[in-house]
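Below: one structure, written as structure tokens.
The values are calculated or read from the model by the stated rules, or taken from the named source; none is laboratory data. Everything numeric in this text was worked out from a predicted model, so none of it was measured. Please note: Cβ atoms are built from the backbone with ideal geometry, for glycine as well, and neighbour counts cover all protein chains shown. In case anyone asks, the SASA skips ligands and DNA or RNA and just uses the protein heavy atoms, side chains included. Shrake-Rupley method; radii C 1.70, N 1.55, O 1.52, S 1.80 Å.
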Amino acid sequence: MLIKKPPRSALTEAHTTAESAYVSRRTVMKGLGAGIGGLLLARNTHALDLFGSDKNATAARKPLEFTAAKPAPELTLTPEDKVTNHNNFYEFGTGKTDPAENSQGLKIEPWTLTVEGEVEKPATVDVWKLMNEIGLEERIYRMRCVEAWSMVIPWVGFELGKFLQRFAPTSRAKYVAFETLYDPEQMPGQRNRYVGGGVDYPYVEGLRMDEAMHPLTILSVGLYGKTLPPQNGAPIRLVVPWKYGFKGIKSIVKIKLVERMPPTSWNKLAPQEYGFYANVNPAVDHPRWSQASERFIGPGGLFSVKRQPTLPFNGYGEEVAGLYSGMNLKKFY
């Protein structure tokens, strides 16, 4: 297969945030935030949950060594307590604060990740050893949820493409399939379809091979300079900044390179609403709401949440639009 590779683009200042926000980001910001976007999902029975609840304990996290991103004034960082208390992780419940409340007992050590399929060197990797061996870097990315809210998050991780090269993909590898941990004893949403939003678990996702190999696509093992908390997908998750957030599969245990487009959880559940590609596109509305604008969750309280225009490819069009040259992005949504 001929894989179309765009010009390599290093993380630029346009993808980062102000140095003042970077320096102060570990300070916990008290107060309210806006879970307004959650009102749009009929399945979310806890849509009125707000941010900053002290009852949402976060499991102990470890500091990471990484190359920091360059500061820039264009973006405002979302406060850490909002990123860790406003989550979609249906394995722990459909409410925005359910993951923080219900995931703290998740056993994340030890943790292994299996890479298999169309590779010459299949292997199982110890994720915690990998964190110490691989070069970690910070990527401060916009994150756009399909529910029409957004954040700016300082992820710590490494390029998925470079990681996959370790396993020598074959010429038959056209897609990359991902799978989340399946453990109903630890994940109440997997035990009960009502708690878990009716998703057919384990949660699965996929990318086209060129999307997976793009340098903006990362596997994240941390945020705000520390390891991921369980509610954000500990110990390892996918981050693809030009796609809607549901593509960012959490707590990954398996990566499989395959010839055919793999199934994905939300596409299986509601194909008329959630396509395989899930590129952020303000010109293509969700069947039940507009995608033309979003509510940015930043510093401040409920009434400081700003509505702003949504950017094509979430603002990363210059880097990734070439991946979809000639495609009808309304049909392939």
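For Leu223, indicate whether it is touching a residue at least 60 places away in the same chain (Cβ under 8 Å) and open to solvent by less than 20 Å² (accessible area, probe 1.4 Å). When the stated conditions are applied, Leu223 passes them.
Residue count for the stretch 70-119 satisfying the condition of being within 18 Å of the chain's Cα centre (by Cα) and under 20 Å from Glu159 (Cα atoms): 1. Within this structure, Ile134 passes the test of being out of contact with any Asp or Glu (no Cβ under 8 Å at 6 or more places or on another chain), of a type in the set (A, V, I, L, M) and surrounded by fewer than 20 Cβ atoms within 10 Å (Cβ to Cβ). Among the residues of the stretch 107-153, write down those that are farther than 30 Å from Arg307 by Cα and among the aliphatic types (A, V, I, L, M). Ile108, Leu113, Val115, Val119, Ala123, Val125, Val127, Leu130, Met131, Ile134, Leu136 - these are the residues of the stretch 107-153 that are farther than 30 Å from Arg307 by Cα and among the aliphatic types (A, V, I, L, M). Pairs please, first residue from the stretch 204-217 and more than 16 Å from Val239 (Cβ to Cβ), second anywhere and β-branched (Val, Ile, Thr), Cβ atoms under 9 Å, 6+ apart in sequence or on different chains. Close Cβ pairs (under 9 Å, with a partner that is β-branched (Val, Ile, Thr)) amount to Val204/Thr180; Val204/Ile249; Val204/Thr264; Arg208/Val176; Met209/Ile3; Met209/Val176; Asp210/Ile3.
Just a yes or no: is a residue in the stretch 62-82 under 29 Å from Val258 (Cα atoms) and either in contact with a Gly (Cβ under 8 Å, 6 or more places away or on another chain) or of a type outside the set (D, E, K, R) (or both)? Within the stretch 62-82, not a single residue is under 29 Å from Val258 (Cα atoms) and either in contact with a Gly (Cβ under 8 Å, 6 or more places away or on another chain) or of a type outside the set (D, E, K, R) (or both). Residue count for the stretch 159-182 under the criterion of being over 16 Å from Phe92 (Cα atoms), of a type in the set (Phe, Trp, Tyr) and open to solvent by 20 Å² or more (accessible area, probe 1.4 Å): the result is 1. Among residues that are out of contact with any Gly (no Cβ under 6 Å at 6 or more places or on another chain), assigned to a loop (DSSP other than H, G, I, E, B) and of a type in the set (Gly, Ala, Ser), Gly157 is not included. Scanning the stretch 237-249 for residues that are in contact with a helix residue (DSSP H, G or I) (Cβ under 8 Å, 6 or more places away or on another chain), crowded, with 23+ Cβ neighbours inside 10 Å and either over 10 Å from Phe178 (Cβ atoms) or modelled with pLDDT under 95 (or both) yields Val240, Pro241, Trp242, Lys243. Could you look through the stretch 305-333, keep only residues that are at positive phi and small (Gly, Ala, Ser), and pick out the one that is most open to solvent (accessible area, probe 1.4 Å)? Across the stretch 305-333, the extreme among qualifying residues is Gly326. Quick one: in the stretch 42-83, which of the residues that are under 12 Å from Ile297 (Cα atoms) and open to solvent by 50 Å² or more (accessible area, probe 1.4 Å) is modelled with the highest pLDDT? The qualifying residue modelled with the highest pLDDT is Thr76.
In the set (1) touching a Lys or Arg at 6+ places or on another chain (Cβ under 7 Å); (2) part of a loop (DSSP other than H, G, I, E, B); (3) aliphatic (A, V, I, L, M), the condition left unmet by Ala173 is number (1).
For the stretch 270-296, filtered to residues that are of a type in the set (D, E, K, R) and in contact (Cβ under 8 Å) with a residue 12 or more places away in the chain, the residue that is nearest to Val204 (Cα to Cα) is Glu273. Of note, Glu185 satisfies the criterion of being open to solvent by 40 Å² or more (accessible area, probe 1.4 Å) and over 17 Å from the mean Cα position of the chain (by Cα). Only one of the numbered conditions (1) basic (Lys, Arg); (2) free of Cβ contacts under 8 Å to residues at least 12 places away in the same chain; (3) assigned to a loop (DSSP other than H, G, I, E, B) is not met by Lys162, and that is (3). The strands (runs of 3 or more DSSP E) found wholly in the stretch 243-326 and carrying at least 1 residues that are over 26 Å from Lys82 (Cα atoms) occupy 252-258. For the stretch 271-322, the candidate set comprises residues that are at pLDDT 95 or above and of a type in the set (Phe, Trp, Tyr); within that set, the residue that is nearest to His214 (Cα to Cα) is Tyr316.
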